[in-house]
Amino acid sequence: MKIYFATGNPHKLKEGEMILRDLKGVKIEGINIPYPEVQGTLEEVAEFGAKYLYTRIKKPVFVEDSGFFIEVLKGFPGSYSRYVQETIGNRGILKLMEDFKGEERRAYFKSVVGYCDEDGVKLFKGVVRGKVSYEIRSKGYGFAYDSIFIPEGEDRTFAEMTTVEKSRISHRKRALEEFKEYLKKRLSSP
Ligand code: ITT
């Protein structure tokens, strides 16, 4: 069975392929067909995107919509993560966080996978909690907010971990793991 992963972000595709690699009987293929990103929650964007793409290509397809949420900033940048990363970037975020210390730096990544096939659309979610670092720290891994995010139980940022290490605990891993369980059940039921 072939399933398409629609994304324009090569980092997300690489991580997704790595996480889904061991799923027997399923081949994942990336496609870059843009879909309208409705203004709304990650769930709304993922559901709309998956349905839209399925009506276009008529093949099993999933999208993954994610965002970075800083608690003290009431969830900012959240649904605006891409825009904020491309405008003020990590330096801008660290500036906004200057007066906040310790627990006030709590943040999380959330991922919502929207999968659509002939049976309709299904959503799968994953969250990883942690803190915003005090400075940008990277060993060249990851992308976007990875160099300012330290997951719980770690001293390193995501950008200081290899992609394999990040993909053991990431929001994307957690959402795709749920998706994987769903696909395994579907493939094994007659
Ligand atoms: P597609 O919609 O084409 O898949 P995108 O880059 O727009 O790619 P999202 O809307 O899902 O992806 O994600 C919004 C932004 O959130 C993304 O551009 C990054 O800035 C940030 N982001 C998402 N996942 C991340 C991760 O694992 N590490 C760091 N930043 C991430």
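All of the numbers you see were taken from the coordinates with simple rules; none came from a lab. Being a predicted model, the structure only gives us computed values, none of them experimental. Here Cβ is always computed from backbone atoms with ideal geometry, including for glycine, and neighbour counts include all displayed protein chains.
Where residues in the range 31-55 are exposed (fewer than 15 other Cβ atoms within 10 Å of the Cβ) and not in a loop (DSSP other than H, G, I, E, B), which of them is nearest to the ligand (Cβ to nearest atom)?
31
Considering only residues that are in contact (Cβ under 8 Å) with a residue 60 or more places away in the chain and of a type outside the set (Phe, Trp, Tyr), look in the range 130-153 and name the one that is farthest from residue 77 (Cα to Cα).
In the first step, residues of the range 130-153 are kept if they are in contact (Cβ under 8 Å) with a residue 60 or more places away in the chain; the result is 132, 142-145, 149.
Cutting the leftovers down to of a type outside the set (Phe, Trp, Tyr) gives us 132, 142, 144.
Details: 132: 13, 142: 18, 144: 12 Å.
It comes out as 142.
Tell me which of these residue 148 doesn't satisfy, since it passes every other one: (1) closer than 16 Å to residue 171 by Cα; (2) under 15 Å from the mean Cα position of the chain (by Cα).
(2)
For residue 58, are the conditions met, namely being under 17 Å from residue 147 (Cβ atoms) and surrounded by fewer than 18 Cβ atoms within 10 Å (Cβ to Cβ)? Outline the logic, then answer.
Working: under 17 Å from residue 147 (Cβ atoms): no; surrounded by fewer than 18 Cβ atoms within 10 Å (Cβ to Cβ): yes.
When the stated conditions are applied, residue 58 does not pass them.
Quick one: in the range 56-73, of everything that is within 14 Å of residue 117 (Cβ to Cβ) and touching a residue at least 12 places away in the same chain (Cβ under 8 Å), which residue is nearest to the ligand (Cβ to nearest atom)? If you could, list the steps in order and put the result at the bottom.
From the range 56-73, those within 14 Å of residue 117 (Cβ to Cβ) are 56-63; that's our starting set.
Going one step further and asking which of them are touching a residue at least 12 places away in the same chain (Cβ under 8 Å), we end up with 56-57, 59-63.
Numbers: 56: 15, 57: 16, 59: 18, 60: 17, 61: 12, 62: 10, 63: 6 Å.
Restricting to residues being within 14 Å of residue 117 (Cβ to Cβ) and touching a residue at least 12 places away in the same chain (Cβ under 8 Å), the top hit is 63.
In the range 1-30, which residue that is among the small types (Gly, Ala, Ser) and surrounded by 15 or more Cβ atoms within 10 Å (Cβ to Cβ) is nearest to the ligand (Cβ to nearest atom)? Let's see the steps before the verdict.
Here is the first cut: in the range 1-30, the ones among the small types (Gly, Ala, Ser) are 6, 8, 16, 25, 30.
Checking the rest, the ones that are also surrounded by 15 or more Cβ atoms within 10 Å (Cβ to Cβ) come to 6, 16, 30.
Working: 6: 7, 16: 9, 30: 10 Å.
The extreme case among them is 6.
Being away from the ligand (no atom under 14 Å from the Cβ) and surrounded by fewer than 19 Cβ atoms within 10 Å (Cβ to Cβ) narrows it down to one of 101, 131, so name that one. Talk me through it step by step, then tell me what you get.
Numbers: 131 fails: surrounded by fewer than 19 Cβ atoms within 10 Å (Cβ to Cβ).
None of the other options fit; the residue is 101.
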